[in-house]
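Scroll down for the structure; my scribbles are underneath it.
The values are calculated or read from the model by the stated rules, or taken from the named source; none is laboratory data. Treat the numbers as computed from the prediction; the structure is a model and nothing was measured. Don't worry about glycine lacking a Cβ; one is built from the backbone with ideal geometry, like all the others, and counts go over all protein chains shown. The accessibility values were calculated without ligands, DNA or RNA, using every heavy atom of the protein model including side chains. Shrake-Rupley method; radii C 1.70, N 1.55, O 1.52, S 1.80 Å.
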Amino acid sequence: MTKKDQLGQIFRFALVGGVNTGTFFGFYLLLHPWMPYFAAYTLAFVLSMIGSFFMNTYFTYRTRPTWKKFLFFPLTNVTNYVIQSVGLYALVTWAGMDTRIAPLVAAVVAIPFTFLLSRRILVPGAARAAEPAPRPSSSSTV
């Protein structure tokens, strides 16, 4: 994969992330008046994660969605969920941030982790492509 291809993926990921964050935040604000903030956060997270899967397979990584990828995608988002959840809790409890804004701040922090994990699951061979190529060994004798 060329640098240009990687930059394109990162740009598309950021675009999908923006749409997904807006979707998440919209769901959260709709649910927040009807349930505790953390329950609203969790349900909004799950709903937006389903949308994220399809946007990332079709648009970001341009790969075919499969049931296997769909089942593994949430596993990669566990890290994202943990980072966001800890961030949400810390921002609300320790920093006193408003519960309507804190999820957005926590989501921004998790973006790099989500990109790497999503790519690893959705793009076959992405992990191998990211590894540096082995250096040719020199066969000089002393």
| request: Take the range 15-26 and flag every residue that is in contact (Cβ under 8 Å) with a residue 60 or more places away in the chain and of a type in the set (A, V, I, L, M, F, W, C). | output: Phe24, Phe25
| query | Is it fair to say Met1 is in contact (Cβ under 8 Å) with a residue 40 or more places away in the chain, aliphatic (A, V, I, L, M) and in contact with a helix residue (DSSP H, G or I) (Cβ under 7 Å, 6 or more places away or on another chain)? | reply | yes
| Considering the range 54-82 alone, what residues qualify as being in contact (Cβ under 8 Å) with a residue 40 or more places away in the chain, assigned to a helix (DSSP H, G or I), under 19 Å from Gln9 (Cβ atoms) and not charged (D, E, K, R)? | Asn56, Thr57, Phe59, Thr60, Phe72, Phe73, Thr76, Asn77
| task | Output the number of residues of the range 20-42 satisfying the condition of being assigned to a helix (DSSP H, G or I) and exposed (fewer than 15 other Cβ atoms within 10 Å of the Cβ). | result | 8
| Do the conditions hold for Phe38, that is, is it closer than 19 Å to Leu91 by Cβ and not small (Gly, Ala, Ser)? | yes
| task | Give the range 60-76 a look and list any residue that's open to solvent by 30 Å² or more (accessible area, probe 1.4 Å) and within 19 Å of Phe113 (Cα to Cα), or say none. | result | Phe70, Leu71, Phe72, Pro74, Leu75
| request: Can you tell me which residue within the range 27-45, out of those that are closer than 22 Å to Thr79 by Cβ and without any contact (Cβ under 8 Å) to a residue 12 or more places away in the chain, is farthest from the chain's Cα centre (by Cα)? | output: Ala39
| request: Tell me, yes or no, whether the range 107-124 has at least one residue that is open to solvent by less than 20 Å² (accessible area, probe 1.4 Å) and in contact with a Pro (Cβ under 8 Å, 6 or more places away or on another chain). | output: no
